[in-house]
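The values are calculated or read from the model by the stated rules, or taken from the named source; none is laboratory data. From a predicted model like this one, the values you see are computed outputs, not experimental measurements. For neighbour counting, all protein chains shown are included, and Cβ atoms are generated from backbone atoms with ideal geometry for every residue, glycine included.
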Amino acid sequence: MRKLINRKNKGFTLIELMIVVAIIGILAAIAIPNFIRYQLRSKTAEARTNIGGIKTAQESFRATEDGFASSAQNPVVGVNTVKVPWDDVTVRPCPTACNRLNLAACTEYACAGFEPAGQVYYRYDSQVQLPAAGQTAEFCVSAIGDLDGDGTNGEFEYQTSYDLAVATGVVNCAGAASGPCGGLLVAPHEVITCSAGLY
């Protein structure tokens, strides 16, 4: 009879339950920030993918037009923690005056035939150096975003040459004046992170 009563009273004590809850809390405190960081890092793939797409479109455009198309900020809205629509070809079409004899009129990504598939986290800026006597056609593109909403932008850049900064009299990409790459020369033909650890 006594053995039967002892079996019914077996279970976890309050102390044991509190230890389990504390362990779960510690694991969550470690895991959640790392999970959020991994999420943010995965979202930066958009910038690298779209910069690669812009590079491919620009090189195709150069093959036929002997120069690159520039573009001011797209999308025009400021950086945000949520995706925003791209200012597509219906909103910002390629100017009709754009042709190989008037590359200065080629002022939209649509001129090079680039448009991302869907909405974007980053704002993209391009700057070009037009071909002229003694200088080759060059371009750079920057992607600026604030994925974590902390007010500090993360930035990626690509440019075709070191010479762009010298020839145009600017630091580097159009978006870099307010971004972390300001003052740095970007290694050519590489998509670089100007702000490691910033999202």
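Looking only at the range 32-71, residues that are in contact with a helix residue (DSSP H, G or I) (Cβ under 9 Å, 6 or more places away or on another chain), farther than 17 Å from residue 191 by Cβ and aliphatic (A, V, I, L, M) come to 1 in all. Candidates are the residues of the range 147-162 that are more than 15 Å from the chain's Cα centre (by Cα) and under 15 Å from residue 192 (Cβ atoms); the one that is surrounded by the fewest Cβ atoms within 10 Å (Cβ to Cβ) is 162. When the range 107-146 is limited to residues that are buried (at least 18 other Cβ atoms within 10 Å of the Cβ) and among the polar types (S, T, N, Q), the one that is nearest to residue 50 (Cα to Cα) turns out to be 142.
Taking the criterion of being closer than 30 Å to residue 129 by Cα, loosely packed, with under 12 Cβ neighbours inside 10 Å and not β-branched (Val, Ile, Thr), the residues of the range 16-65 that qualify are 45, 63. The single condition from (1) in a helix (DSSP H, G or I); (2) touching a strand residue (DSSP E or B) at 6+ places or on another chain (Cβ under 8 Å); (3) among the small types (Gly, Ala, Ser) that residue 67 fails is (1). Within the range 15-41, the set of residues being among the small types (Gly, Ala, Ser) and at pLDDT 90 or above comprises 22, 25.
Please work out which residue is farthest from residue 52 (Cα to Cα), limiting yourself to the range 147-163 and to residues that are of a type in the set (Phe, Trp, Tyr) and part of a strand (DSSP E or B). Within the range 147-163, the match that is farthest from residue 52 (Cα to Cα) is 156. For the range 89-112, the condition holds for no residue, the condition being that it is out of contact with any Pro (no Cβ under 9 Å at 6 or more places or on another chain), in contact (Cβ under 8 Å) with a residue 60 or more places away in the chain and assigned to a loop (DSSP other than H, G, I, E, B). If only residues of the range 66-109 that are within 14 Å of residue 128 (Cβ to Cβ) and of a type in the set (S, T, N, Q) are counted, the one that is nearest to the chain's Cα centre (by Cα) is 71. Out of all the residues in the range 53-99, which are hydroxyl-bearing (Ser, Thr, Tyr), over 24 Å from residue 160 (Cβ atoms) and at pLDDT below 90? Across the range 53-99, the qualifying residues are 81, 90.
To keep it simple, each residue is scored yes or no on (1) closer than 16 Å to residue 57 by Cα; (2) of a type in the set (Gly, Ala, Ser).
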site	(1), (2)
109	yes, no
123	no, no
126	yes, yes
130	no, no
